[in-house]
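The values are calculated or read from the model by the stated rules, or taken from the named source; none is laboratory data. The structure displayed is predicted, hence computed values, not measured ones. In this analysis, Cβ positions are derived from the backbone assuming ideal geometry, glycine residues included, and neighbour counts consider all displayed protein chains.
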């Protein structure tokens, strides 16, 4: 490709534009107020992880002298500078939205933040009691004598720096840090200053309470100033598992290393005094580029706590309970259901319960002899893990691949791995040099006709909590080829043996990329020969240069390509002579779009796949992933319908332009279409239809034999 017609966008800047689309939801008047607040908190939490991982990685590259540009032609230093400029603007937008729009609307709704100068006498008296009973007892001021020997400050926690008047001209000030540490009382509830229906909820930030009471910590000294601040640390610290060391012990060391890794960002109030600012720069070893002075509360991610306040349901989306799948009869065994048909579940519109039932029934069923399972991220009290433990205790042969390198879930996975082992489960700690990101479960059951494989393949994690707000697909099947492939794949992974060719599925890092490229090539060749070529892909991210080049080649040949990409997209559509036939949309709505679905027209013999993998180098080259075809015709029709419904969205969808901007769909639609509401409606109607049929079915009562 020529330089002038480059179709590549920098990955990090693309991700920041995704976060901007989330932020746009925070100021959309059609979104309920507390949901707007939640979206704002999500953008702040997203930035936390971005600075911990992506910025941390780039800064590490710069420190090691790397200058290699990315596919968009930007060196690590150029990327960092571009990130800083874009992020400073995004942070300014976050605080403008919160202070100018949200806080006034929250106050009107009865949720009022009180500043130190706004407290009533009653509230001040209450705050003094909170200080004496809690703050003074829990929080510990630490004087800074030597910044190089100061105790560790945890990342992503609020601290207050205090500037005190010194005792001599040579030492005009002394500085003290009050770390919050793991103290989770960020919002102190105050007695209401109003009565009756307008009472609502009033609070003060803990850092503001400390500012009011700071002199109590330092009797007889003059407090010159206080400032809340927050540190983000590099989390791009990974284990080297190539040397055969104890992976579990090495992962525990990595968690320790992250605690005191270098600072990638310093957030602090713009009320900071110059001496305090200079002191913190030295203490935390940060430069001007990494400092974010903010006009409001540091750590906007904590606002999610306010969005969960009880008594304000009118400012939330109507509650949604996942519907029962009409294909799954709760009165019959899940094995009987899967034996008669494949089942495609669409979460969170449909319940995750059938997946939980598969493991729960397998744990107790005396005919089940083995369970093979991957675990990447799970919930804190995972019923799936408990079913696996129960199955092992009941004498089943249970093998689980627990991915210890799942970022930010390492500690939980280490604990689950230990508990599983204690229960008799054979635990594999991932794969050396790779992350196991595939989502698969195989239950082997002894039946009169022989051993049957009951499989679950998913696009999302085995987490019943996130299944309620992530959109994912689950395929329940006992198709013989899929079952045999799944067993062969699992055994190859756990046995570190050469992965053989499969009848139906494909796996990364060997085979999956090649299969997708083959499917793209088939569409390309058909279009060149004058036939119809059409590709639809729903993904979280598209960043792989090889995939992007293949898509552009298909576009040049005349293949129609529709991509629905939630997050990172490094491909510019609509570039003349390169990507003119590629259309890209992104949907940000109430639920997190997370499903990966692929469609290829294939000369009318349509091929549909679900996958755990996005089209990124890490997924295709450095992770163990699965690509699974949907073979059942009814399930295939449903998956295609899901894709087309997402492409019809003209309410929450945004269209990517060739200049990298995202805009609402053009034109005035005669019929608004919002895909997530459409999926809710379909799930509700399908469940109601089943319920209605059950009510009108006559069941005769037969005499006792």
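Remarks
- Within the range 269-285, restricting attention to residues that are over 35 Å from the mean Cα position of the chain (by Cα) and surrounded by 14 or more Cβ atoms within 10 Å (Cβ to Cβ), the residue that is farthest from residue 225 (Cα to Cα) is 279.
- Boolean, residue 211 is touching a residue at least 24 places away in the same chain (Cβ under 8 Å), buried (at least 16 other Cβ atoms within 10 Å of the Cβ), within 39 Å of the chain's Cα centre (by Cα) and more than 25 Å from residue 122 (Cα to Cα): no
- For first residues located in the range 591-615 and under 13 Å from residue 639 (Cα atoms) and assigned by TED's automatic domain parsing to the domain that holds residue 459, partners that are at pLDDT 95 or above and crowded, with 22+ Cβ neighbours inside 10 Å and lie 6+ apart or on another chain with Cβ distances below 7 Å do not occur.
- Residue in the range 402-417 that is under 12 Å from residue 494 (Cβ atoms) and at pLDDT below 90 present: yes
- All positions within the range 431-446 that are at pLDDT below 95, in a strand (DSSP E or B) and surrounded by fewer than 17 Cβ atoms within 10 Å (Cβ to Cβ): none
- Residue list for the range 553-565, restricted to those being within 15 Å of residue 536 (Cα to Cα) and touching a helix residue (DSSP H, G or I) at 6+ places or on another chain (Cβ under 7 Å): 554, 558, 559, 561, 562, 564
- Residue in the range 595-603 that is farther than 30 Å from residue 316 by Cβ and assigned to a helix (DSSP H, G or I) present: yes
- Among the criteria (1) buried (at least 19 other Cβ atoms within 10 Å of the Cβ); (2) within 28 Å of residue 34 (Cβ to Cβ); (3) at pLDDT 95 or above, the one residue 316 does not fulfil is (1).
- For the range 295-331, filtering for residues that are more than 25 Å from residue 201 (Cα to Cα) and in contact with a helix residue (DSSP H, G or I) (Cβ under 6 Å, 6 or more places away or on another chain) leaves 4.
- Within the range 67-167, helices (runs of 4 or more DSSP H) holding 3 or more residues that are within 30 Å of residue 222 (Cβ to Cβ) and free of Cβ contacts under 8 Å to residues at least 60 places away in the same chain: 121-130
- Screening residue 82 on (1) modelled with pLDDT under 95; (2) under 22 Å from residue 571 (Cα atoms) shows it passes everything except condition (1).
- Residues (over 17 Å from residue 563 (Cα atoms) and assigned to a helix (DSSP H, G or I)) located in the range 634-675: 634, 635, 636, 637, 638
- Qualifying residue in the range 497-510 (condition: under 19 Å from residue 646 (Cα atoms) and part of a strand (DSSP E or B)): no
- Restricting the range 528-553 to residues that are part of a helix (DSSP H, G or I) and more than 31 Å from the chain's Cα centre (by Cα), the residue that is nearest to residue 471 (Cα to Cα): 553
- In the range 549-569, the residues that are buried (at least 24 other Cβ atoms within 10 Å of the Cβ) and either at pLDDT below 95 or farther than 21 Å from residue 43 by Cα (or both): 551, 552, 554, 555, 559
- Residue in the range 39-61 that is more than 18 Å from residue 236 (Cβ to Cβ), loosely packed, with under 15 Cβ neighbours inside 10 Å and not assigned by TED's automatic domain parsing to the domain that holds residue 571 present: no
- Among the residues listed as 337, 374, 321, 378, the single one being assigned to a loop (DSSP other than H, G, I, E, B) and buried (at least 19 other Cβ atoms within 10 Å of the Cβ): 378
- Residue match in the range 386-407 (condition: out of contact with any strand residue (DSSP E or B) (no Cβ under 6 Å at 6 or more places or on another chain) and either under 19 Å from residue 476 (Cα atoms) or outside the structural domain of residue 428 (by TED's automatic domain parsing) (or both)): yes
- Within the range 528-543, tally of residues that are touching a helix residue (DSSP H, G or I) at 6+ places or on another chain (Cβ under 6 Å) and closer than 18 Å to residue 574 by Cα: 4
- Residue 131 vs. criteria crowded, with 19+ Cβ neighbours inside 10 Å and farther than 23 Å from residue 274 by Cα: yes
- Note on the range 567-594: among residues that are outside any strand (DSSP E or B) and within 10 Å of residue 542 (Cβ to Cβ), the one that is nearest to the chain's Cα centre (by Cα) is 567.
Rundown of residues vs (1) surrounded by fewer than 19 Cβ atoms within 10 Å (Cβ to Cβ); (2) modelled with pLDDT of 95 or more; (3) more than 27 Å from the chain's Cα centre (by Cα); (4) not assigned by TED's automatic domain parsing to the domain that holds residue 9, yes/no style:
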residue	(1), (2), (3), (4)
637	yes, yes, yes, yes
640	yes, yes, no, yes
665	yes, no, no, yes
668	yes, no, yes, yes
